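The values are calculated or read from the model by the stated rules, or taken from the named source; none is laboratory data. These numbers were taken from a predicted model, which means no experiment stands behind them. Cβ atoms come from the backbone with ideal geometry, glycine included; neighbour counts cover every protein chain shown. In case anyone asks, the SASA skips ligands and DNA or RNA and just uses the protein heavy atoms, side chains included. Shrake-Rupley method; radii C 1.70, N 1.55, O 1.52, S 1.80 Å.
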Amino acid sequence: MTLEALVAIIAGGLVSGSLYALMASGLSLVWGTVRMFNFAHGALVMVGAYSAWYVSNRGGIAKALQPIGKSIVANSEEAGALGGLLLPLGEWILSIKGGFGLVLGVPFAILCCGLVGYIMYVLLVKPFVGKPGADLIVIITTIAGASFMQNGVQVIFGPRYKQLDRILKGPPLQILETAIGLQEVLIIILTPLTLFLLHLFLKHSKLGLAIRAVAQNDDFAHLVGINVSQIYPLTFVVSSILAGLCGVMLGGLFFILPTMGAQELLFAFVVVVFGGLGSLPGTIVGAYVIGFIRESSAYIIDLYWAPVVLFATLIIVLIFRPRGLMGGEDS
Amino acid sequence: MTWMDEGFKIRHLVWALGIVIFLAIPHLVTDKLLMHLAILGMLYAIVASNWDLTLGYAGVFNFAHLAFFGIGAYTSGILAVKAGVSPWLGIPAGGVTAALASILVSIPAIRLRGIYVALLTFACSQLVLLLLLSQPLITGGQQGLTGVPQLQIGDFRFRESRFAHFYLVGFLLLCSTIFLRRLVTSDFGLSLIALRDFEEYAVARGIPLARQRLLAFLLSSIFPGLAGGVYAHFLIVASPDIFGFSLTTLLLSMVLVGGVATIYGPVIVGVVMTYVSELMASSAWMSEVFGISRGPVRFMFVAVLIVLTMRFFPEGVWGLIKRFSARARGTSNEQQSQSGS
Amino acid sequence: MLFQVESLVSGYGKIDVVRSLSLHVDEGEHVGLFGPNGHGKTTLLRTVSGLIPAKAGKISFRGEDISNLDPRVIVERGLIHVPQGNQLFPQMTVQENLTLGAYVSRSDSHKASNFEKVFALFPRLEERRSQRARTLSGGERQMLSIGVGLMGMPELLLLDEPSVGLAPLIKEELARAIAEIAATGVSMIVVDQDVELLLGICDRLYLIEKGAVSLETADVSQVDQAEILEMYFGKVTG
């Protein structure tokens, strides 16, 4: 293997690993706390990408606002004293034809995903918590939720591909004659940062501590006065935001379409099984390991065969370690 | 014991009436779309009711169930397109490959519990899909396998007849339903229920958990495999869409809305749901009401239906029918309704 | 009267474990519950702290009905239940466990001073403050469990079997600590099999059998220890 190939594999592995880590840590968090598996987690990636696109790019909300801007400008003269105020507003609206950019797009995506995560919890999960067979029922309801969101987005935005702006524009980085796109570099840097923030939140904030407490012993969590029924939706919101961030990053790499996120969900499954459901450090390590396996098998064997290798690995792991490679303990 | 004789007679009468009506349908219905949907609906009903065996009776969430259907379709399709094998051999071959696949899936799956079964079977079905997509020269890749020959006997082409596909698929559905009902009311069916509801006790009483679950997977795969073969020759294409989230959701809704662990429920609702969802996709008023493309809306509708069913009618349509009919007949027939479940 | 239970009925599913139980605790009083296993002592405490619903009867604290309130509301009022066994957050450090003990708002702002109090009472916890709870010994876990309860600033502390499964030396150490807590004026209900331990701490004792109070002692200082032991064991075996 040449040195360039090695650099390409490492960079690719870091990018894939980052995306899987964002996805899988949310899945793992929800599993550890609520003991439910969220099959709609992939659809949240898509929601994140679309909502960011809607605010940041031309063709989204900016396009929808143009007629309003025009009519404000046209009518401002007749509005008298108010017109002086309205005219700049209308002109400003007309000037943002190209969208608001990612500066507003990303916060909007975070907001949307958090909200969707909350609604999802209330409609698809909450009614079944504590009932017999709830884990299987919630698989079914979240599959239905995923199908609803995928098809709903297609109804709203149509089946045509969209593309998100790249956060950094410019020529790719050259490392040992291997070109690495700036978006990729950004993902490699931002993901560990995001995960570190998650770590700080879980380790040092009161709510984060409460989330971990519920995950480890919900009976005792009740006894120290934690409002357990509030922690469940909170976990869904946090995990949905992580999926949404994954969507924003993916949206800058590939096209945005209603079925996006499904592939990533699959790999996130492999990751959580590999790293042990409910164990966050295991999940993150697992994500990068799977990322590297994927990239190196894509390079050494074939791009098509990389997922095959991964799923075969997953099945073998499950045969010999039915609770995951590092599973068994929850933290 | 008179009620039993009566029930026996009534049941035979219902069956006879059903078969007469069934045979008459193609003579009465001339609309091509309706007939097409009826055939599609019966194929889906086969897949859904067989899924009920693992999901409802064994209590195991087998995500790879649709893969059995897909494997049947691709087996028969590939054999016909690439090797010129007659569909009449290809369709049974599809049943055999689906059965083999079910054994492969169940060997790791029976060792696992709850969520891990779902994850493993999901991975298996995606593995099948990825393998199919990775061999575009054989399988047609993303576009699917086109040019699958239609069914014919001598010079008689099935697609040119209003009756042929309808009767063939109807016969398959009848066989599958009788097979499943016999199975679930047999000792084997009871042992599945025992393992589902009282696992530890049942195992302690000597019911072999692994063997029964493996058999449940195996027996639930044969008819979907056969149905998949017929599906490919009926639509003259085998498409990777079979493995997608949307079809899985649609078929899942048939099992759940029909009523888990009833067999009849998924059969009936399978046919009805196909009609409803396809009519929604093609009816003009839907587009007028919503002012949008209709394809995706039906899947949204199906998704809402699933969630509402899980929440408010967990026993499904068949469960409701049974509850009301039991009430109408009074308490004397309680035993019968129990023996039928 | 600080705390009162009147004709309480509760249990799991259709089975009643506590069947018409009544008792009371006065301000500053320390009350011991003892009796055979499986006769409703733990179920009583779980009902009082809101983990399982009361089917009938009334639980009142400071004159207010607290039956079937949410557990966190009950904790917020200062009624704190230290459960039996290893009920801790096993993957968290001693420090994190104690921090969570002060989760509710009434104790949140007094965290620092309460940490000091707990560490003064159990110096071993201070040594092990960054160690995970699951790596502690049985005695240390029990200390941590009580420490978490103290972090919530109890006005009435419910201790469920604090001495169960402990070696005699550690048991003594723990009994001293509980007596020290009692001396600060906190009202208490202590459930334990070890009647001697209860006699060292409590003002009054109840014998709980078949989900109800079958015997109530007057002030224990007036009664002969041997007499109570005889009553108890005589009743159980006879």
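Modelled with pLDDT under 85, open to solvent by less than 10 Å² (accessible area, probe 1.4 Å) and of a type in the set (A, V, I, L, M, F, W, C), is that true of A:Ala49?
Details: modelled with pLDDT under 85: no; open to solvent by less than 10 Å² (accessible area, probe 1.4 Å): yes; of a type in the set (A, V, I, L, M, F, W, C): yes.
Spelling it out, it is not the case that A:Ala49 is modelled with pLDDT under 85, open to solvent by less than 10 Å² (accessible area, probe 1.4 Å) and of a type in the set (A, V, I, L, M, F, W, C).
Pairs needed: first member in region C:121-140, loosely packed, with under 14 Cβ neighbours inside 10 Å; second member anywhere, in a helix (DSSP H, G or I); C-beta distance under 6 Å; at least 6 residues apart or different chains.
Listed pairs, sorted by first residue: none to list.
Quick check on this structure: which one of B:Phe243, B:Phe198, B:Phe234 is open to solvent by less than 30 Å² (accessible area, probe 1.4 Å), among the aromatic types (Phe, Trp, Tyr) and under 20 Å from B:Val60 (Cα atoms)?
That would be B:Phe243, the only listed residue that is open to solvent by less than 30 Å² (accessible area, probe 1.4 Å), among the aromatic types (Phe, Trp, Tyr) and under 20 Å from B:Val60 (Cα atoms).
Within region A:308-325, which residues are at pLDDT below 75, buried (at least 18 other Cβ atoms within 10 Å of the Cβ) and either more than 9 Å from chain B (Cβ to nearest Cβ) or within 18 Å of B:Phe63 (Cα to Cα) (or both)?
Listed by number, the list holds a single entry, A:Leu325.
Give region B:117-132 a look and list any residue that's open to solvent by 20 Å² or more (accessible area, probe 1.4 Å) and at the interface with another protein chain (Cβ under 7 Å from one of its Cβ atoms), or say none.
Initial filter on region B:117-132 (open to solvent by 20 Å² or more (accessible area, probe 1.4 Å)): B:126-132.
If the condition is that a residue be open to solvent by 20 Å² or more (accessible area, probe 1.4 Å) and at the interface with another protein chain (Cβ under 7 Å from one of its Cβ atoms), then B:Gln126, B:Leu127, B:Leu130, B:Leu131 are the ones that fit.
Of the conditions (1) under 24 Å from the mean Cα position of the chain (by Cα); (2) loosely packed, with under 13 Cβ neighbours inside 10 Å; (3) closer than 22 Å to B:Arg113 by Cβ, B:Gln212 clears all except one; give me its number.
Of everything listed in (1) under 24 Å from the mean Cα position of the chain (by Cα); (2) loosely packed, with under 13 Cβ neighbours inside 10 Å; (3) closer than 22 Å to B:Arg113 by Cβ, B:Gln212 misses just condition (2).
Tell me, which helices (runs of 4 or more DSSP H) wholly within region C:66-122 include 1 or more residues that are among the acidic types (Asp, Glu), at pLDDT 90 or above and over 21 Å from C:Leu156 (Cβ atoms)?
The helices (runs of 4 or more DSSP H) meeting that bar are C:94-101, C:111-121.
Which fully enclosed helices (runs of 4 or more DSSP H) of region A:81-185 have 1 or more residues being within 20 Å of the chain's Cα centre (by Cα) and either within 30 Å of A:Phe254 (Cβ to Cβ) or touching a residue at least 24 places away in the same chain (Cβ under 8 Å) (or both)?
A:102-120, A:134-157
Within the group B:Leu173, B:Leu190, B:Leu214, which residue is over 12 Å from B:Leu43 (Cα atoms), in contact (Cβ under 8 Å) with a residue 12 or more places away in the chain and part of a helix (DSSP H, G or I)?
Within the list B:Leu173, B:Leu190, B:Leu214, the selection yields B:Leu214.
Within region C:96-120, track down each residue that is open to solvent by less than 40 Å² (accessible area, probe 1.4 Å) and either of a type in the set (D, E, K, R) or touching an Asp or Glu at 6+ places or on another chain (Cβ under 8 Å) (or both).
Hits for region C:96-120 are C:Glu96, C:Ala102, C:Val104, C:Phe119.
Could you tell me which of the residues A:Leu186, A:Leu202 is within 14 Å of chain C (Cβ to nearest Cβ) and open to solvent by 10 Å² or more (accessible area, probe 1.4 Å)? Let's see the steps before the verdict.
Details: A:Leu186 fails: within 14 Å of chain C (Cβ to nearest Cβ).
Step by step, each of A:Leu186, A:Leu202 is checked, and only A:Leu202 is within 14 Å of chain C (Cβ to nearest Cβ) and open to solvent by 10 Å² or more (accessible area, probe 1.4 Å).
Being free of Cβ contacts under 8 Å to residues at least 24 places away in the same chain, within 14 Å of chain A (Cβ to nearest Cβ) and open to solvent by 30 Å² or more (accessible area, probe 1.4 Å) is the filter here, so list the residues in region B:133-165 that pass it.
The answer is B:Gln135, B:Pro136, B:Leu137.
Just give me the residues in region A:264-303 being of a type in the set (Asp, Glu) and in contact (Cβ under 8 Å) with a residue 12 or more places away in the chain, in sequence order. Full working, then the answer.
Our first condition is that a residue be of a type in the set (Asp, Glu); within region A:264-303, this holds for A:264, A:295, A:302.
Passing the criteria: A:Glu264, A:Glu295.
Please verify whether A:Leu197 is of a type outside the set (S, T, N, Q), crowded, with 17+ Cβ neighbours inside 10 Å and away from chain C (no Cβ under 14 Å), treating the condition exactly as stated.
Considered against the rule, which asks whether it is of a type outside the set (S, T, N, Q), crowded, with 17+ Cβ neighbours inside 10 Å and away from chain C (no Cβ under 14 Å), A:Leu197 comes out as no.
Collect the residues in region C:6-34 that are crowded, with 23+ Cβ neighbours inside 10 Å and over 14 Å from C:Arg204 (Cβ atoms), keeping them in residue-number order.
Within region C:6-34, C:Leu8, C:Ser10, C:Val18, C:Leu21 meet the criteria.
Taking into account only those residues within region C:46-91 that are more than 18 Å from C:Val25 (Cβ to Cβ) and of a type in the set (D, E, K, R), which is nearest to the other protein chains (Cβ to nearest Cβ)?
Here the answer is C:Arg72.
Do you know which of the residues in region B:100-113 that are over 18 Å from B:Leu55 (Cβ atoms) and within 21 Å of the chain's Cα centre (by Cα) is farthest from the other protein chains (Cβ to nearest Cβ)?
Looking at residues that are over 18 Å from B:Leu55 (Cβ atoms) and within 21 Å of the chain's Cα centre (by Cα), I get B:Leu100.
Is it true that some residue in region B:62-71 is over 24 Å from B:Gln150 (Cβ atoms), out of contact with any Gly (no Cβ under 7 Å at 6 or more places or on another chain) and part of a helix (DSSP H, G or I)? Walk me through how you get there before you give the answer.
Kept after step one, since they are over 24 Å from B:Gln150 (Cβ atoms), are these residues of region B:62-71: B:62-65, B:67.
Filter once more, so that each one left must be out of contact with any Gly (no Cβ under 7 Å at 6 or more places or on another chain): B:62-65, B:67.
From the residues that got through so far, the ones that are part of a helix (DSSP H, G or I) too are B:65, B:67.
Yes, there is a match, as at least one residue in region B:62-71 is over 24 Å from B:Gln150 (Cβ atoms), out of contact with any Gly (no Cβ under 7 Å at 6 or more places or on another chain) and part of a helix (DSSP H, G or I).
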